[in-house]
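Enquirer: Take this structure first; my questions come after.
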Amino acid sequence: MRSSEQNGQRERPKDPWADSPWLKPDETPFIRIENVSKMFGDFRAVDDVSLSIYRGELFSILGGSGCGKTTLLRMLAGFELPSEGRILIDGKDVTRVPAYERPVNMMFQSYALFPHMTVEGNIAYGLKRDAMSRSAIRERVNEMLQLVQLTEFRTRKPNQLSGGQRQRVALARALAKRPKVLLLDEPLAALDKKLREQTQFELANIQDKLGVTFVVVTHDQEEAMTLSSRIAVMKNGRFVQVGTPHEVYENPADTYTADFVGNINLFSGMVTAAQDGQVTVDLTDFPGGVTLATHQTVRPGTEVSVALRPEKIFVTRDRPDDPKLMTAAGIIFDQGYFGKLSVFRVQIDSQKIVQVSAQNRIRFSKRAWDWDEHVFLSWDPQSMLVLAS
Amino acid sequence: MSAATDMVPATRAAGYGSLGKRVYALLNRHWQSIAIALPYAWLLIFFLAPFAIVFKISLADPIIARPPFTPMFDWSADAANRIYVTAENYRFLLNDRLYWLTYISSFRFAAVATVLCLLIGYPMAYAIARAKDSTRNILLLLVILPFWTSFLLRVYAWMGLLNQNGIINNLLIWLGFTDGPVQLLYTDFAIYAGLVYSYLPFMILPLYANLERLDEDLLEAASDLGARPWQVFRDVTLPMSMPGIIAGCLLVFIPAMGEYVIPALLGGPDNLMIGRVLYDEFFFNRDWPIASAVAIVLLAALVLPIMLFQHFEKKAEAQ
């Protein structure tokens, strides 16, 4: 996903996390969160959470507002003291180490740039707190300014910068001290869509170049998907699932994750047979059973949900004749045009409404489909996923 | 051509209606300037008019008459000079050491009181700004509460506290710190106590308003970048609260400089303050021109430094 084009030389993008340290049992984690809880009065913001993050990862904590993700990040930064459990960074217990002594820096959602200091002053601030020589500070500031391409803005005050420029100053300031871990709180939330996409790749590039471990907190699943080595999906102070973007998207642990990470159609059904990782499910919306592969252990007779992503469904005017595909007839109930793709809500014969998204591969001079048009939906049954309900 | 000239009155008639509509349109368009201009005009007139009168009196000679100063304009037919002004009062002020000493002494009282108010008020304002919502309102109310009693009455109360057999002396004797009563009233200490007590709210309130808005993220960001708590205060809190500090200091210093009641009631005959001298010149000596000159010099001494300060601040900001 990462494109890097520097010094005119074209470098072939490669999978930055091909070696997947989290799969190696003897790899020591760089950050260990051990049974950490945080209480605010009677409210458990973070509830007995354990997590290992490895050196050089770009780890995202994904969740809705109030799920405890920011509290967890603030405990890593040292702004909140865990009520229970401990936190280790690079083998050292930092649970009770104050924020100003942690080898960790944070990029704030509000950027928190010092308004009374220039861009340079902001970036140099952390360096001046260490006993660093003036020349070394100047050198590092120049280096950071180059990294975020703000050299010509060095004497500006934050209020003289655009939102994107402020974001880059905040990033440069947080990276200037060469922290072992960089914490990012909703790093792209305040940027507009175009800038967000561009900055996503910049962030990933910088992370790759400096090899700093990034921990990102975000509520934006797209941001988490494109950036991360791994994602932890959080809900009610606990992790629902921890895995690579691919795993979380294609193999969500439950309906919450499936729905939070992208859109999802859920069909309810009853398990009629299960063996060797194969289950046969009778779906209420379609006649006949369907046999699916699954990691879930479900017994015959249990109710399950079967999930199907909207983009894995095809819309056609004629019934497809491929016998491997599952098909359903329906009418277009509603549709939305998003430029590169269209989203349809199709009412199938069982009255259920199914969401379908289709790439607009061909340029139509006018709308390709009409409301109430009779269509056929088809999909590969292996695209369906069994989720315990 | 003729068609075009015919058009003009027609469009005018359509654009403006009756007088009422025109007034309404005018108000609608200019309400902002009117809302600002009217009160400012009021303030300007009732500041400038007395100022002009006082300035005029300061340029006259004292005489025993009613009013007790020479008129500036003489309309009588046999007058040698139609306009009479003199700088004699200002020359007298400059040459008399008493006035110099009084100005300096007033300045010292006001400056020390301002610094004391700042030292006491800053931590208070900070604590109030960082308090829980429910307690914060109570704390603010307590700061404002003294204003519900007359200022004069509160200064009188201090006389009772500082008296030879007042509460403070009785307490000191009872605790065994001293055998006999200590002279507290009619000393510098009494004036400082009165000034700091009376003007502390004027320091706390602007500081509170400033500190309450201070973005907590900035403090955390500084701490995150390695600043110890005192460094966070020095590098972020203090510079960010500078506008509040300046506002508070001006609000304390300016009225303290011209204070009359506190030195008159709590101070002794040696504790010179310009407000008292002004009062004495006016009412005991009935020398209105000198009193007016004292007031004008005081005003100039207060306004000029502030204007200079603002000028340089603007310059620094522009850079």
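Enquirer: Work the Kirkwood hydrodynamic radius out for the protein assembly as shown: mean of 1/r over every pair of different alpha-carbon atoms, inverted, in Å. Kindly include the intermediate steps, with their values, before the conclusion.
Expert: Details: mean 1/r = 0.0298 Å⁻¹.
Result for the protein assembly as shown, one decimal place: 33.6 Å.
Enquirer: Going through the DSSP H helices of chain B, which span 30 Å or more along their own axis at the Cα atoms while scoring at least -1.0 as a mean Kyte-Doolittle hydropathy?
Expert: Details: long enough: B:19-58 (50 Å, 1.07); B:97-130 (49 Å, 1.09); B:188-212 (34 Å, 1.00); B:288-318 (44 Å, 1.25).
What comes out of the filter, once short or polar helices are dropped, is B:19-58, B:97-130, B:188-212, B:288-318.
Enquirer: Sticking with the crude label model, points 7 Å out along Cα→Cβ, report the distance from A:Ala273 to A:Arg154 in nm, one decimal please.
Expert: That separation, rounded to one decimal, is 7.4 nm.
Enquirer: Let me check I've understood the local charge: for A:Leu161, count other residues with C-beta under 14 angstrom from its C-beta, Lys and Arg +1, Asp and Glu -1. What total comes out? Walk me through the numbers on the way to the answer.
Expert: Numbers: positive: A:Arg154, A:Arg156, A:Lys157, A:Arg166, A:Arg168, A:Arg173; negative: A:Glu120, A:Glu152.
Its environment carries a net charge of +4.
Enquirer: Expressed as cubic angstrom per residue, what is the convex hull volume of the alpha carbon set of chain B? Could you put the intermediate results ahead of the total?
Expert: Numbers: hull volume 107.4 nm³, N = 319.
Once divided by residue count, the hull of chain B is 337 Å³.
Enquirer: Taking the simple approach of a point 7 Å from Cα along Cα-to-Cβ for both A:Glu373 and A:Thr280, what is their distance in nm?
Expert: Roughly 3.8 nm, to one decimal.
Enquirer: Taking the Cα centroid of the range A:230-256 and of the range A:115-159, what is the distance between the two, rounded to the nearest whole Å?
Expert: If you average the Cα positions of each part, the centres end up 38 Å apart.
Enquirer: Take the Cα of A:Thr291, step 7 Å along the line toward its Cβ, and report every residue of the range A:307-333 whose backbone nitrogen sits under 17 Å from that point.
Expert: Counting only backbone N, you get A:323-326.
Enquirer: Given the convex hull over the Cα atoms of chain A, what projected area results after averaging over all orientations, in nm²?
Expert: Numbers: hull surface 98.7 nm².
If you wrap the Cα atoms of chain A in a convex hull and average its projections, you get 24.7 nm².
Enquirer: If you find the alpha carbon centre of the range B:109-152 and of the range B:229-265, how far apart are they in angstrom?
Expert: 12 Å
Enquirer: Which lysines does A:Lys340 reach when only Cα atoms under 23 Å apart count, and residues fewer than 8 places away in its own chain are ignored?
Expert: A:Lys193, A:Lys194, A:Lys312, A:Lys366
Enquirer: Would you mind working out the magnitude of the charge dipole of chain B relative to its Cα centre, with +1 at each Lys and Arg C-beta and -1 at each Asp and Glu C-beta, to the nearest 20 Debye? Don't jump to the answer; show the numbers that get you there.
Expert: Numbers: 21 positive and 23 negative charges, 161 e Å.
Roughly 780 debye for chain B.
Enquirer: Give me the aspartates and glutamates in straight-line cross-link reach of A:Lys157: C-alpha distance below 13 Å, same-chain residues under 8 apart excluded.
Expert: A:Glu120, B:Glu317
Enquirer: Rounding to the nearest 20 debye, state how big the charge dipole of the protein assembly as shown is about its Cα centre with +1 on each Lys and Arg Cβ and -1 on each Asp and Glu Cβ. List each step's numbers first, then the result.
Expert: Numbers: 70 positive and 71 negative charges, 301 e Å.
I would put it at about 1440 debye.
Enquirer: Hey, another quick one. Taking the dipole about the Cα centre of the range A:248-381, with the C-beta of Lys and Arg at +1 and of Asp and Glu at -1, give me whichever of A:Pro300, A:Ala368, A:Leu325 is farthest to the positive side.
Expert: My answer, from the dipole projection, is A:Ala368.
Enquirer: To continue, here is another question. Could you let me know the centre-to-centre spacing of the range B:158-176 and the range B:274-291, using Cα atoms, in angstrom?
Expert: 34 Å
Enquirer: When the dipole is taken about the Cα centre of chain A, and only Lys, Arg (+1) and Asp, Glu (-1) are charged at their Cβ, what size is it in debye, to the nearest 20? Could the numbers behind the result be given before it?
Expert: Working: 49 positive and 48 negative charges, 388 e Å.
It works out to roughly 1860 debye.
Enquirer: Continuing with the same structure: Note down the relative contact order for the range B:98-286 as a percent, whole number, built from C-alpha pairs under 8 angstrom at least six residues apart.
Expert: Details: 208 pairs, mean separation 67.5, N = 189.
So the answer I get is 36 percent.
Enquirer: Taking only C-alpha pairs under 8 Å that are 6+ residues apart, what is the relative contact order of chain B in percent?
Expert: Numbers: 300 pairs, mean separation 77.1, N = 319.
The normalised contact order for chain B reaches 24 percent.
Enquirer: List the longest stretch of chain B that has no exposed loop site; here a site is one of the trypsin sites (Lys or Arg not before Pro) assigned by DSSP to anything other than H, G, I, E or B, with at most 15 other Cβ within 10 Å. Walk me through the intermediate numbers first.
Expert: Details: sites that count: B:Arg82, B:Lys132, B:Arg213, B:Arg286.
Between the exposed loop sites, the longest stretch runs B:1-81.
Enquirer: So what is the relative contact order for chain A, in percent, with contacts set as C-alpha pairs under 8 Å and at least six apart?
Expert: Values: 772 pairs, mean separation 55.1, N = 389.
This gives 14 percent for chain A.
Enquirer: Further, regarding this structure: Identify, among A:Asn35, A:Gln241, A:Tyr111, the residue whose Cα sits farthest towards the positive end of the charge dipole of the range A:19-258, taking +1 on the Cβ of Lys and Arg and -1 on the Cβ of Asp and Glu, with the dipole about the Cα centre.
Expert: Value computed over the given set: A:Tyr111.
Enquirer: Which FRET efficiency, nearest 0.05, do B:Arg228 and A:Glu197 yield, Cβ-Cβ r, R0 51 Å? Mind showing how you got there, number by number?
Expert: Values: r = 39 Å, r/R0 = 0.77.
For B:Arg228 and A:Glu197, the calculated efficiency is 0.80.
All of the numbers you see were taken from the coordinates with simple rules; none came from a lab. Because the structure is a prediction, the values reported are computed rather than measured. Note: ideal-geometry Cβ built from the backbone for every residue, glycine included; neighbour counts use all protein chains shown.
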